[in-house]
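**Q** Structure provided below as structure tokens; questions to follow.
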Amino acid sequence: MAGTWIWRLSFDLYSSNKYLPFAVAKNSAYPCTMALVIPVNGIQPKFGTNCFLAENSTVVGDVEMGDDCSVWFTSVVRGDVNSIRIGNKVNIQDGAILHCTYQKASVTIGNNVSIGHRAIVHGCTIHDNVLIGMGAIIMDHVVIGENSIIGAGAIVLENTIVEPGSIYAGIPAKKVKDVDRENHKNLIERISNNYIMYSGWFKETNSK
């Protein structure tokens, strides 16, 4: 975990809850409550380098996250009933939920993926260079092909296969058009790059 901006867990000696985590920022003389990162069944979440976990975000259990990822305010990455694997440069925005189905459906997310505010990603596979719009719901055994966009508020039903390079929207989600070069540059790439910048602002603030 060298070089990773993950708030180091310590425990409140005055609390009966031994899993209440605290963060100790660099150059800080006192602890402050931060992200909840706890093991489940002896399996501890693992993080790559340069990751950012916002205070009051939650990451638990069998979760492995790559480099340059960010987990934002009130979001939950819950690897208790199955595994969650996340690639590099993935942002999980405020209020989003990642979860699985016990013994049936895990979560796999590729590189350069943005999970929009309050989206639900459940037991599915998301390939590289994908944008999941705000409030979208992705159900079990969905496979989202690379370079795709899921529209805000869409519901992608169980077992749906999203073609690579497609935009899906609606309830239930259907293909509406292909992703063109401008969609890719101005949405998928821009948002992913911006979230690395945004997380950097918080790291700078808490390093002072």
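**Q** What's the Kirkwood radius of segment 10-207 in Å, using all Cα pairs? Write out the running numbers ahead of the final one.
**A** Values: mean 1/r = 0.0587 Å⁻¹.
This gives a value of 17.0 Å.
**Q** What are the ³J(HN,Hα) values, in whole Hz, obtained from phi via the Karplus relation 6.51 cos²θ - 1.76 cosθ + 1.60 with θ = phi - 60°, for each residue of segment 190-202 in sequence order, with x given for Gly and Pro?
**A** Along segment 190-202, the couplings run 4, 5, 4, 5, 4, 5, 5, 5, 4, 5, x, 4, 6 Hz.
**Q** Another question about this same structure. Got a sec to turn the phi values of segment 72-78 into Karplus ³J(HN,Hα) couplings, 6.51 cos²θ - 1.76 cosθ + 1.60 with θ = phi - 60°, whole Hz, x for Gly and Pro?
**A** Couplings: 9, 4, 6, 6, 10, 10, 10 Hz.
**Q** Taking loop as defined by DSSP and a crowding limit of 15 other beta carbons within 10 Å, which GluC sites (Glu not before Pro) in segment 131-205 fit? Can you show the working numbers first?
**A** Values: sites: 146, 158, 182, 189, 204; in loops: 146, 158.
Answer by residue number: 158.
**Q** Just to be sure I understand: of the beta bridges DSSP finds with both ends in segment 66-110, what percent are antiparallel, rounded to 5? Let's see the in-between values first.
**A** On the way: 1 of 8 bridges.
That works out to approximately 10 percent antiparallel.
**Q** Then there's this: In sequence order, what are the phi-derived ³J(HN,Hα) couplings for segment 117-125 according to the Karplus relation 6.51 cos²θ - 1.76 cosθ + 1.60 with θ = phi - 60°, rounded to whole Hz, with x for glycine and proline?
**A** Those phi angles translate into 3, 6, 6, 10, 10, 10, x, 9, 10 Hz.
**Q** Taking other Cβ within 10 Å of each residue's Cβ, how do 69, 51 sort, fewest first?
**A** On the way: 69 28, 51 23.
Placing the least packed residue first, the sequence is 51, 69.
**Q** Amide H neighbours of residue 96 under 5 Å, counting only residues 5+ apart in sequence or on other chains, H built in-plane at 1.01 Å?
**A** The answer is 75, 76, 118, 119.
**Q** Where in segment 28-103 are there chymotrypsin sites (Phe, Trp or Tyr not before Pro) that are in a DSSP coil and have at most 16 other Cβ atoms within 10 angstrom of their Cβ? Walk me through the numbers on the way to the answer.
**A** Details: sites: 47, 52, 72, 73, 102; in loops: 72, 73, 102.
In loop regions of segment 28-103 (DSSP not H, G, I, E or B), the sparsely surrounded chymotrypsin sites (Phe, Trp or Tyr not before Pro) are 73, 102.
**Q** Would you order 98, 131, 36, 157 from fewest to most other beta-carbon atoms within 10 Å of each residue's own beta-carbon? Intermediate values should be presented prior to the final figure.
**A** Values: 98 25, 131 28, 36 17, 157 14.
So the residues, fewest neighbours to most, are 157, 36, 98, 131.
**Q** Here's something else I'd like to know. Within 10 Å of each residue's Cβ, count the other Cβ atoms and sort 199, 75 from fewest upward. If you can, show how the numbers build up before the last one.
**A** Working: 199 22, 75 26.
By the 10 Å Cβ count, ascending: 199, 75.
Here, each number is a calculation from the coordinates, and none is a lab measurement. No experiment lies behind these values; they were computed from the predicted model shown. Positions of Cβ are generated from backbone atoms using ideal geometry, with glycine treated the same way; all protein chains shown enter the neighbour counts.
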